[in-house]
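Only one structure is covered here, and it is reproduced in the block below.
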């Protein structure tokens, strides 16, 4: 086709354009609105539904309840306290409507009059917004569904959602929802939290100046922030006051007086209450979000009720014990690291801490030389003091569970969740020291050895696969005398344990530890594993000791029993997992009986002497190199509890051979919790560990004779499930395991584990 043909075909079209008909003009004018309407109809399914809008307004966050019916946590979408419109000062609503949407009560979601004016002003060069309060509410409630980009699609979705909101709710309900969902910086959501944050009062008590200040922030929270930009905040406040006068909400005389008044704020951040079990709740929030996603629920709007295994009474007592003991140990740490012999006497360590800090890395990124950055930060006294306090802050973790069901009864992840949100129960991996030794003796008893078997107390020199020599020792010199395996564990003898692991093999020990509950942390299969050199979590260790107290049957720890809806209907129940036999019942009882000696006459005797506990108890202390980590785990037929004490950075210690021992740092925490549990009958003081050993020869003979003459009654069905005998899989290789969650900035990754101290007192 040549150019001439194109001109010939285009001539009629050009003629129509030069001389349009009425029909053509009408069609041309109607086409854009029709296309816009069609596109809007297409977008309706892609906007929030009626059910979503109802849920967003209702805001029924999930609640976490303890086993004894106490509220542990509320999973709110934001730090907000919902108040009704009657609980909000009328000055707030007057300022809001006068400034943001003075025709609020006259439109049905879209103010076409205002929208047209905004378009004309925008075309004239003065960009104006035409969104109503209902449209703004739609954006606040559904930012992801509507979008954030300034596009036609977003505006249409916003308008459609606004129409839906107006159809569902009254104007007062829309106002109430809007004022409870707008953000005000500093983790303050809604007018109530804003009033408390900036003026230390409730929303009901806000006066006209305070109301105008907060409403003024809505135009740009950061730009009109009254804390850091007071001049801008005053100017914007005065504009709001002028709008109120323009809409007859304020008389002119009072307006002039109010505009002259200075900005007076009473600022205080409103921190969300952590609750009685914040670390426990933190774990549950992640789990519940995944459950809700799978089952079509919203944890912030559907009013879910999570019934947990936690005992609020034991949790409160454990928290008090952690705080009290942590405070005492912190005083010792401050003494050890204060003065010339402490922090100032460790320049190399301090410099290492500085180089690992965020300000140091920022200085390097800004172009400073490493030496200049180091010297500048070392000279910064406030920075160094803050670093010292952070690095030398004593950390504590505590966990307790019922060994019969593996239901977790208490979970304290740190001394203060606000200050130390890092969870030292499940996230922190530390060397367990001598608390790992029961796995060695359990593996030995499982192989056929007896507690009465002896090993000579002599110097140990074990050649490692890499050719290095490992020479563990105890506080006292080798005696050359035989020591029973019972005494080897009761008195936590390193040389005896090292020789024992050489006999049975570290692989057997690692396999047993995995079967009993140490299932997330990779274990280095080397002889020093016997003395607890491979880092593990407190949760794993308490779970493993729970296996021992449960007759050798492992049950995965249980945190939740059921989930209910807002009306109390059960949505799902969670039964304990099927028990797995990790250790034969007779072998488990033998090991338990040996560990009774730890609290009766060994390293954990303070449980009897100091706390006066007379129940059937067994346990183990643990202390790592240089007293870096202190452990204690105590077992009762109905409760197993353990505590860890240390620092986020294992280069920091209490610098005390006395207070650094697990028997003096961690044991009092567990002892306090057990004393409360026994005194308040949370557990039965008369409960006993049951021996699963075979009856003796005479007893078996008598049973045979009596069976000839007496018809035995049928045995009742067992109440508890018997553990299934299964060979546990081999411990996973380090490469097969997910890495632990990283500690916070204040806790850099731990240094490679060192061998236990020469004189492990564990």
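The values are calculated or read from the model by the stated rules, or taken from the named source; none is laboratory data. Since this is a predicted model, take the numbers as computed values, not measurements. Note that each Cβ is placed from the backbone with ideal geometry, even for glycine, and that neighbours are counted across all protein chains shown.
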Next item on the list: Could you tell me whether the stretch 706-724 includes any residue that is closer than 30 Å to residue 510 by Cβ, at pLDDT below 95, in a loop (DSSP other than H, G, I, E, B) and touching a strand residue (DSSP E or B) at 6+ places or on another chain (Cβ under 6 Å)?
Entry: yes
Notebook entry, point to check: When you go through 583, 591, 571 one by one, which is the residue that is at pLDDT 95 or above, under 33 Å from the mean Cα position of the chain (by Cα) and either under 15 Å from residue 548 (Cα atoms) or crowded, with 22+ Cβ neighbours inside 10 Å (or both)?
Noted result: 583
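Take the conditions surrounded by 17 or more Cβ atoms within 10 Å (Cβ to Cβ) and in a helix (DSSP H, G or I) and apply them to residue 523. Does it pass? Lay out the reasoning, then the answer.
Numbers: surrounded by 17 or more Cβ atoms within 10 Å (Cβ to Cβ): yes; in a helix (DSSP H, G or I): no.
No.
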Item checked: Counted residues, the stretch 491-520 - those being under 17 Å from residue 598 (Cβ atoms) and buried (at least 24 other Cβ atoms within 10 Å of the Cβ) -> 5
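Here's the yes/no breakdown for (1) over 25 Å from residue 451 (Cα atoms); (2) touching a residue at least 60 places away in the same chain (Cβ under 8 Å):
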| position | (1), (2) |
| --- | --- |
| 534 | yes, yes |
| 537 | yes, yes |
| 546 | no, yes |
| 557 | yes, yes |
| 572 | yes, yes |
| 579 | yes, yes |
| 596 | no, no |
Notebook entry, point to check: Which fully enclosed helices (runs of 4 or more DSSP H) of the stretch 412-519 have 2 or more residues being at pLDDT 95 or above, within 30 Å of residue 283 (Cβ to Cβ) and touching a strand residue (DSSP E or B) at 6+ places or on another chain (Cβ under 8 Å)?
Noted result: 437-447, 506-516
Checklist line | Residues being surrounded by fewer than 23 Cβ atoms within 10 Å (Cβ to Cβ) and touching a strand residue (DSSP E or B) at 6+ places or on another chain (Cβ under 6 Å) - total across the stretch 594-606 | finding: 1
Check: Looking at (1) at pLDDT below 90; (2) in a helix (DSSP H, G or I), which is the one condition that is false for residue 344?
Finding: (2)
Next item on the list: Collect the residues in the stretch 170-217 that are closer than 21 Å to residue 76 by Cβ and in a loop (DSSP other than H, G, I, E, B), keeping them in residue-number order.
Entry: 182, 184, 185, 186, 187, 188, 202
Check: Quick check: is even one residue across the stretch 293-312 assigned to a helix (DSSP H, G or I), over 21 Å from residue 79 (Cα atoms), touching a helix residue (DSSP H, G or I) at 6+ places or on another chain (Cβ under 9 Å) and at pLDDT 95 or above?
Finding: no
